[in-house]
Amino acid sequence: MKSSSLAVAICVLAFLFSALPGTAEDQAPPPSGAVPAVDSQGGGKTKSTGIEIVKRFQEGGNVMWFLLMLSVVFLTYTFERSMNLRRSKIAPDILAEQADALWKKEMFGEVEALGEKSQTVLGKILIQLVKHRHQSLERLHTIAGDVGAREMRLQLQRAYPLAVAATIAPLFGLLGTVSGMVDAFDTVALAGSMGNPALLADSISKAMVATGAGLVVAIPSLGAYHFFKGKTVVFAIELEETVGDLMSEWFAGSPTAKAIPPRPASQPRA
């Protein structure tokens, strides 16, 4: 999966870099009466685009390799969250229905086996409910809440690398910008004059390409992180509702529920 993610990352960056404005030399209009060069095999445009992409990547300097690695992180964890952060892997409706039917038949061993087989967050809660079914309702709510909160925190933690990529990518872009501006001032110092702007072209291009590449990686990474974070919260709420409904069906009116002493009412002052 890493090799495929690397290939996709290179393609994404290549597409985005190709969308950036060209250099001054590329944008200059052709001389009057000149005929544009055309590849005899019809592939001149593709070849020129590929060369331009490599050129822009090289112009960005060494920070472009770090940004490329961050783009791999973005694509890898976006794919992982897209595959694993689903309702079917958190609290599937079919699992709740099957567990409810088995529980009402007092087939507790089958409910536990069903939870182990499902490998879902709801399944792990069902296992704990079966093991502690003889305890008080208050204790069962605490156990279910602890298991659900821990599992959903793990789900959220798996999206955290996207936030790291979104935070670090602009800093690498800024580093490339500073490096390019330092090179520009060094070039001016060596030339001893500002009369030839072409001397600054390479350094300024390096600064701008690095900045753009950093934002290209950071913006979708930050958006993906908040998307999956919000999705995790929604699934956590749905999980809480599902577990609450099951426990209301299973334990309401049971001896264990009646064993919970009622809270004493506050006594009015005499």
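The values are calculated or read from the model by the stated rules, or taken from the named source; none is laboratory data. Quick caveat: nothing in here was measured; it's all calculated off a predicted structure. When we count neighbours, we look across all protein chains shown, and the Cβ atoms used for this are built from the backbone with ideal geometry, even at glycine.
Taking the condition of a type in the set (A, V, I, L, M), over 30 Å from L67 (Cα atoms), crowded, with 18+ Cβ neighbours inside 10 Å and within 31 Å of the chain's Cα centre (by Cα), does L140 pass?
Numbers: of a type in the set (A, V, I, L, M): yes; over 30 Å from L67 (Cα atoms): yes; crowded, with 18+ Cβ neighbours inside 10 Å: yes; within 31 Å of the chain's Cα centre (by Cα): no.
Against the criterion (of a type in the set (A, V, I, L, M), over 30 Å from L67 (Cα atoms), crowded, with 18+ Cβ neighbours inside 10 Å and within 31 Å of the chain's Cα centre (by Cα)), L140 does not qualify.
Yes or no, residue by residue, for (1) farther than 12 Å from W250 by Cα; (2) at pLDDT 90 or above:
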{"site": "W103", "(1), (2)": "no, yes"}
{"site": "K117", "(1), (2)": "yes, yes"}
{"site": "V121", "(1), (2)": "yes, yes"}
{"site": "K131", "(1), (2)": "yes, yes"}
{"site": "Q135", "(1), (2)": "yes, no"}
{"site": "T142", "(1), (2)": "yes, yes"}
Query raised in the report: Does F227 qualify as being modelled with pLDDT of 90 or more and of a type in the set (F, W, Y)?
Result: yes
Requested in this report: Please work out which residue is surrounded by the fewest Cβ atoms within 10 Å (Cβ to Cβ), limiting yourself to the range 83-92 and to residues that are assigned to a helix (DSSP H, G or I) and in contact (Cβ under 8 Å) with a residue 40 or more places away in the chain.
Outcome: N84
Query raised in the report: Is it true that Q155 is out of contact with any Asp or Glu (no Cβ under 9 Å at 6 or more places or on another chain), not in a helix (DSSP H, G or I) and not aliphatic (A, V, I, L, M)?
Result: no
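Quick one: in the range 95-127, of everything that is of a type in the set (V, I, T) and outside any loop (DSSP other than H, G, I, E, B), which residue is surrounded by the fewest Cβ atoms within 10 Å (Cβ to Cβ)?
Initial filter on the range 95-127 (of a type in the set (V, I, T)): 111, 120-121, 125, 127.
Narrowing the set further to residues that are outside any loop (DSSP other than H, G, I, E, B) leaves 111, 121, 125, 127.
Values: V111: 24, V121: 24, I125: 25, I127: 18.
So the residue we want is I127.
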Query raised in the report: Which one of the conditions (1) over 25 Å from the mean Cα position of the chain (by Cα); (2) surrounded by fewer than 15 Cβ atoms within 10 Å (Cβ to Cβ); (3) of a type in the set (V, I, T) does V130 fail to meet, given that it meets all the rest?
Result: (2)
